[in-house]
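The structure under discussion appears below in the form of structure tokens.
What follows draws every value from the coordinates through simple rules; no lab data is involved. Keep in mind the model is a prediction, meaning the values are calculated, not measured. So basically every Cβ, Gly included, is an ideal-geometry build from the backbone, and we count neighbours across all protein chains shown.
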Amino acid sequence: MNRFLKYGRITERGKVLKAQIVNSADDFVILTRRQAAEAREWTREVMTRQGLTLKETKTKLKEAHRESFDFLGYALGPDRYGKNGRPDLGASPSQKSVARRRQKVNDVLRPGNQDPWPAVRDRLHGMLRGGLNYFRSGSRARAYRAVDHPVADRVRSLLRRRSGQHGQLLRDETIFGPLGVQPLVTPQGACP
């Protein structure tokens with residue numbers, strides 16, 4: 001991958017294609033205006049010469065103003081911003097990332113977990129904080145709400161089973177208040 005990136009810099013192909021390569025380890029995206037097919041063909045040729053293979057199942061052309069794509073846990077593409085809801089390009093946690101975060105919540109709050117509540121809460125906080133730190137950019141409120149609701153439901157279920165009070169329902173205000181679970185979205189709708 002480094003040889004490919006170095007070759008692109010040396011040949012200044014980015015200037016010719018009016019493109020920018022964004023990469024992390026062996027994943028990359030080429031951002032360009034109206035020259036995506038040429039950029040893909042150039043990438044395929046250069047990688048073949050270097051003995052590398054472009055994974056065709058992951059290689060797609062997308063028009064970011066009309067369709068979104070996932071990259072490094074983010075969904076990038078059309079979004080609506082501000083109070084007027086104007087369309088614009090945006091970034092938010094991808095559905096796969098949200099699903100993985102929810103699975104981690106389920107693992108921490110699994111029915112057979114007998115750890116003391118403070119230990120469970122602290123483990124949950126550590127896991128949720130990791131997601132907060134990674135997803136600092138873009139619109140996060142919708143994705144965070146998609147995690148907050150299952151967190152409250154799983155905490156409620158875990159604590160009801162432990163107490164044996166199946167009829168008593170813990171309110172979200174109790175879970176995100178006195179029980180000490182940190183919500184990803186504050187009551188005012190802001191993300192920490």
Report the relative contact order of the chain, percent, no decimals, based on alpha-carbon pairs under 8 angstrom and at least 6 residues apart. 12 percent
With the 8 Å Cα cutoff and a minimum separation of six or more residues, the range 93-175 has a relative contact order in percent of 40 percent
Filtering GluC sites (Glu not before Pro) in the range 29-100 by DSSP loop and by at most 12 other Cβ atoms within 10 Å leaves GLU63, GLU67
Formal net charge of residues neighbouring GLN114 (Cβ-Cβ distance under 11 Å; K, R +1; D, E -1): +2
Looking only at PRO118, PRO178, PRO78, which one moves most when the chain is put into a Gaussian network model with springs between Cα atoms under 10 Å? PRO178
In nm, give the distance between the simple-model label positions of ALA141 and SER24, each being 7 Å from the Cα along the Cα-to-Cβ direction. 2.4 nm
On a 0 to 90° scale, report how tilted helix 117-134 is relative to the longest principal axis of the chain, with both axes built from alpha carbons and the result rounded to the nearest 10. 20 degrees
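Using 23 Å as the Cα-Cα cut-off, could you pick out the over-long pairs in LYS6/LYS96; LYS62/LYS104; LYS6/LYS55; LYS6/LYS62?
From LYS6/LYS96; LYS62/LYS104; LYS6/LYS55; LYS6/LYS62, over 23 Å: LYS6/LYS96; LYS62/LYS104; LYS6/LYS62.
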Counting only C-alpha contacts under 8 Å and six or more residues apart, can you give the relative contact order of the range 2-90 as a whole percent? 15 percent
Hey, what angle do you get for helix 2-11 against the long axis of the chain, alpha-carbon based, 0 to 90 degrees rounded to 10? 40 degrees
For labels at ARG160 and LEU89 in the simple 7 Å Cα→Cβ model, what's the distance in nm? 4.6 nm
On Cα atoms only, tilt of 36-49 relative to the major axis of the chain in degrees: 80 degrees
Shape descriptors of the chain over alpha-carbon atoms, Rg and Dmax in angstrom, are 22.0, 69
Mind checking the log10 I(q)/I(0) for the range 1-40 at q = 0.23 Å⁻¹? Debye, one equal scatterer per Cα, no solvent, two decimals. -0.73
